[in-house]
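Here's the structure we're looking at; comments come further down.
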Amino acid sequence: QVQLVQSGGGLVEPGGSLRLSCAASGSSPSMWLMAWHRQAPGKQRELVANILNDGTTYYAESVKGRFTLSRDGAKNTVYLQMNNLKPEDTALYLCYMRNNQAYWGQGTQVTVSS
């Protein structure tokens with residue numbers, strides 16, 4: 001049984017940085033897609049960024065230039081470095097991965113507030 005284990009997150013002031021990590025536990029075929037989504041209260045879940053196993057990345061316009069996604073394919077782990085955080089980045093961040101199945105992490109709260 002594959003589970004995605006997230007770490008990182010928390011409370012940070014505007015302009016600060018946080019790093020999220022997500023690792024797939026258990027034996028599984030390599031993930032060809034790794035991504036982070038987020039959901040703020042009262043809003044729809046949105047894709048923040050994703051990365052394919054060839055290294056191709058996508059970023060939502062709202063985070064371009066501030067967030068950086070990276071992966072360790074051998075460890076089935078994905079990282080999201082978030083810099084220059086803004087109050088509107090406040091949300092529950094969820095990790096997502098796919099091989100021949102889809103998996104979601106448990107969610108990590110990120111709060112940006114002074």
How much of the accessible area of the chain, in percent, comes from carbon and sulfur atoms when a 1.4 Å probe is used? 47
Over the Cα atoms of segment 35-111 the radius of gyration and the largest Cα-Cα distance (Dmax), both in Å, equal 12.3, 37
On full extension of the chain, what length is gained from residue 68 through residue 46, given 0.36 nm per residue of separation minus the C-alpha to C-alpha distance? 6.3 nm
Shape call for segment 20-68 from the C-alpha gyration tensor, a ≥ b ≥ c root eigenvalues: rounded (a/c under 1.5), prolate (a/b greater than b/c) or oblate? oblate
Can you sort 75, 86 by solvent-accessible area, 1.4 Å probe, largest first? 75, 86
Taking the Cα centroid of segment 80-109 and of segment 1-58, what is the distance between the two, rounded to the nearest whole Å? 4
Find the accessible area per residue for the chain; the probe is 1.4 Å, ligands and nucleic acids are left out, and the unit is Å². 53
Rounded accessible area of residue 92 (nearest 10 Å², 1.4 Å probe): 60
With the cut-off at 1.5 for a/c, could you classify segment 56-100 from its C-alpha gyration tensor as rounded, prolate or oblate? prolate
Taking a virtual spin label 7 Å from the Cα of residue 11 along the C-beta vector, which residues in segment 73-90 bring their backbone nitrogen under 16 Å of it? 87, 90
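The values are calculated or read from the model by the stated rules, or taken from the named source; none is laboratory data. In this text, all values refer to a predicted model and were calculated from it rather than measured experimentally. Cβ coordinates were reconstructed from backbone atoms using ideal geometry, including for glycine residues, and neighbour counts include every protein chain displayed. Surface areas here come from the heavy atoms of the whole protein model, side chains and all, with no ligands, DNA or RNA. Shrake-Rupley method; radii C 1.70, N 1.55, O 1.52, S 1.80 Å.
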